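See below for the structure under consideration.
The values are calculated or read from the model by the stated rules, or taken from the named source; none is laboratory data. Predicted, not measured: the structure shown is a model, and the values here were computed from it. Methodologically, a virtual Cβ is constructed for each residue, glycine included, from the backbone with ideal geometry; neighbour enumeration extends over all protein chains shown. Accessible surface is based on the protein model in full, side chains and every heavy atom, while ligands, DNA and RNA are left aside. Shrake-Rupley method; radii C 1.70, N 1.55, O 1.52, S 1.80 Å.
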Amino acid sequence: MSTLNVMHPYPLGETSDLYSADAFQMRVQQRMDVLRAVVGGDHLLNPEFSYCAEHPHKLRDAAVLILAVNRGPDARIVLTQRTAHLRAHAGQVALPGGKIDEEDIDPVAAALREAHEEVGLDPALVTPIGELGSYLTGSGYRVVPVLATAPAEIALQPNPAEVEHVFEVPLSFLMNPANHLTQSREIAGKKRFFYAMPYEDHYIWGVTAGILRCLYNTVYA
């Protein structure tokens, strides 16, 4: 798969003011009231999934971590590629995270627990900033994306039972609308539309790309 050329929507000289971990944290904090009200989801591109928004009590709760790692002027977002043997979403690119368990006091606790289990992330090195509302999936989940930063010295080790590979993508790439493709494929006999953000050899699509699109719409658009 070829790499897309990155087209910066802002002058390159402003990169440090937009995409560093500190700038990310500041922009999220400035938009906290808007972030909490965000309700994204698969139904925005697929009207047949509207029942998710109409019947929120039927959704199962989950949380994922959008972690901006301090890599200088351009922070990196941590993503995983799930192992091929998993029953759900095998081989797909995902944000660290999973179902919210009863012992989790909130989505932040769930996201940090799952990230520790999946990639060995030390929760003590993470600075949570806030939550990006919720994202409703066609498969029946209400996902809360937790926004956070971490220093460059974090050490990540994928859990082979769940994660094939852990990698980082520049924040500037993910927050560039030129890299947000709208694609479709036939699933269960119906055409489904979704966002895709191919990066190097990784195909970021579906819920993960949809959540990152919501982040762009509320923090960087």
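Flag set for residue 173, criterion: buried (at least 21 other Cβ atoms within 10 Å of the Cβ) and either in contact with a Ser or Thr (Cβ under 6 Å, 6 or more places away or on another chain) or at pLDDT 95 or above (or both). Against the numbered list (1) within 13 Å of the chain's Cα centre (by Cα); (2) at pLDDT below 95; (3) more than 17 Å from residue 111 (Cα to Cα), residue 204 comes up short only at (2). Scanning the stretch 111-139 for residues being over 26 Å from residue 196 (Cα atoms), out of contact with any helix residue (DSSP H, G or I) (no Cβ under 7 Å at 6 or more places or on another chain) and of a type outside the set (Asp, Glu) gives a total of 5.
Residues that are in a helix (DSSP H, G or I), closer than 30 Å to residue 30 by Cα and under 16 Å from the mean Cα position of the chain (by Cα) do occur in the stretch 177-186, at least one of them.
State yes or no: is residue 135 open to solvent by 20 Å² or more (accessible area, probe 1.4 Å) and in a strand (DSSP E or B)? Answer is no for this residue.
Quick one: which residue in 193, 167 is open to solvent by 10 Å² or more (accessible area, probe 1.4 Å), touching a strand residue (DSSP E or B) at 6+ places or on another chain (Cβ under 8 Å), aromatic (Phe, Trp, Tyr) and under 21 Å from residue 70 (Cα atoms)? Outline the logic, then answer.
Values: 193 fails: under 21 Å from residue 70 (Cα atoms).
So the residue among 193, 167 that is open to solvent by 10 Å² or more (accessible area, probe 1.4 Å), touching a strand residue (DSSP E or B) at 6+ places or on another chain (Cβ under 8 Å), aromatic (Phe, Trp, Tyr) and under 21 Å from residue 70 (Cα atoms) is 167.
Please specify each residue of the stretch 113-126 satisfying the condition of being over 14 Å from residue 157 (Cα atoms) and either assigned to a loop (DSSP other than H, G, I, E, B) or open to solvent by less than 30 Å² (accessible area, probe 1.4 Å) (or both). Scanning the stretch 113-126 gives a single hit, 126.
Listed conditions (1) of a type in the set (A, V, I, L, M, F, W, C); (2) over 22 Å from residue 23 (Cα atoms); (3) surrounded by fewer than 20 Cβ atoms within 10 Å (Cβ to Cβ); (4) modelled with pLDDT of 95 or more are all met by residue 86, apart from (4).
Taking the stretch 138-161 only, how many residues are in a strand (DSSP E or B) and of a type in the set (Gly, Ala, Ser)?
Of the residues in the stretch 138-161, the ones in a strand (DSSP E or B) are 141-150.
Subsequent filtering for residues that are of a type in the set (Gly, Ala, Ser) retains 148, 150.
So the count comes out to 2.
Selection of the stretch 110-142 for residues being closer than 17 Å to residue 37 by Cα and either at pLDDT 95 or above or charged (D, E, K, R) (or both) yields 129, 131, 142.
Does residue 111 satisfy the condition of being over 18 Å from residue 213 (Cα atoms), among the hydrophobic types (A, V, I, L, M, F, W, C) and either out of contact with any Ser or Thr (no Cβ under 9 Å at 6 or more places or on another chain) or touching a residue at least 60 places away in the same chain (Cβ under 8 Å) (or both)? Quick ask: steps written out before the conclusion?
On the way: over 18 Å from residue 213 (Cα atoms): yes; among the hydrophobic types (A, V, I, L, M, F, W, C): yes; either out of contact with any Ser or Thr (no Cβ under 9 Å at 6 or more places or on another chain) or touching a residue at least 60 places away in the same chain (Cβ under 8 Å) (or both): yes.
Yes, satisfied.
Checked against (1) in a helix (DSSP H, G or I); (2) surrounded by fewer than 15 Cβ atoms within 10 Å (Cβ to Cβ); (3) at pLDDT 90 or above, residue 48 passes all but a single condition, namely (3). Candidates are the residues of the stretch 21-43 that are open to solvent by less than 30 Å² (accessible area, probe 1.4 Å) and in contact with a Gly (Cβ under 7 Å, 6 or more places away or on another chain); the one that is modelled with the highest pLDDT is 28. When you look at residue 164, is it part of a strand (DSSP E or B), under 26 Å from residue 127 (Cα atoms) and of a type in the set (D, E, K, R), yes or no? Yes.
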